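Engineer: The following block contains the structure, expressed as structure tokens.
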Amino acid sequence: MSQPRINLLPYRQEKRARKQREFVMMAIFAAIVGGVLVFLGNSFLQQKADTQNNRNQLLETEIRKLDQQIKEIDRLREDIRLAVERKNTVEALQANRAQSVHLLDEMAKRLPEGVYLRTSKQKGNTVTVTGYAQSNAHVSAFMRNIDASQWLNNPRLVEVKLVTIKDGEPAQGSRQSSGKAAGPMIANEFTMIFDVKRAEDREKETQKATAAVEQGGA
């Protein structure tokens, strides 16, 4: 028959100490795992931040390039605008030169007998002339001639009045045979305004007339 054994060792203390060791080990393990997770998370976030910073730097670089391109485009647009203005100025000068030739030619052609011009002044496309006529009928004839011109139009009579022309009055632009009036005479002094057609307007009228003739022939 076996003898009963009595355990006199402090097993409760050993059990408590073993649990404490296990808790400490688990805490250390949890701390290590937590540290690893924090490190990995921080590394991941830092990598994301670096990637975003690189993207931001790339965007800033591209934006600076675009700003330079926009400035270049603006400079080119300004150069084009100046070139167009110079082209328009040259064309306007050429048109005005031709316009002056047509003006003088038409005024010489449309001046009727009994009328001579004293002054003429052009401002833009508007011409103001003053002169003398033997009668109002001669002034009306001059206006009709202007209205029938291909380069002159829209005549407007500003003023007409009777005056006495002294002996020796110069007859500039006169259709009379003599260059001066023969002695004192009563004449109609008039001021008239009319317009000179621009070359482009004349060209448009010619094109319209040509098109109308073509349509009528069809």
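Rundown of residues vs (1) at pLDDT 85 or above; (2) small (Gly, Ala, Ser); (3) in a helix (DSSP H, G or I); (4) surrounded by 10 or more Cβ atoms within 10 Å (Cβ to Cβ), yes/no style:
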position	(1), (2), (3), (4)
Glu14	no, no, yes, yes
Lys19	no, no, yes, yes
Met25	yes, no, yes, yes
Ala31	yes, yes, yes, yes
Gly34	yes, yes, yes, yes
Val38	yes, no, yes, yes
Asn42	yes, no, yes, yes
Thr51	yes, no, yes, yes
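Engineer: May I pose another question? Can you confirm whether the range 142-150 contains a residue that is in a strand (DSSP E or B) and modelled with pLDDT of 85 or more?
Structural biologist: no
Engineer: Looking only at the range 116-137, filter to residues that are closer than 20 Å to Val196 by Cβ and small (Gly, Ala, Ser); which one of those is surrounded by the most Cβ atoms within 10 Å (Cβ to Cβ)?
Structural biologist: Filtering first and then ranking leaves Gly131.
Engineer: Kindly provide the set of residues from the range 151-178 that are at pLDDT below 90, within 51 Å of the chain's Cα centre (by Cα) and part of a strand (DSSP E or B), ordered by number.
Structural biologist: Leu152, Asn153, Pro170
Engineer: Give Glu60, Glu78, Glu91 a once-over and let me know the one that is out of contact with any Gly (no Cβ under 6 Å at 6 or more places or on another chain), surrounded by 11 or more Cβ atoms within 10 Å (Cβ to Cβ) and farther than 29 Å from Ser135 by Cβ.
Structural biologist: Being out of contact with any Gly (no Cβ under 6 Å at 6 or more places or on another chain), surrounded by 11 or more Cβ atoms within 10 Å (Cβ to Cβ) and farther than 29 Å from Ser135 by Cβ holds for just one of Glu60, Glu78, Glu91, which is Glu91.
Engineer: Only one residue in Ala98, Ala92 is assigned to a helix (DSSP H, G or I), in contact with a helix residue (DSSP H, G or I) (Cβ under 7 Å, 6 or more places away or on another chain) and modelled with pLDDT under 90. Which one?
Structural biologist: The match here is Ala98.
The values are calculated or read from the model by the stated rules, or taken from the named source; none is laboratory data. Note that the coordinates shown come from a computational prediction; the quantities given were computed from them, not determined experimentally. Cβ atoms come from the backbone with ideal geometry, glycine included; neighbour counts cover every protein chain shown.
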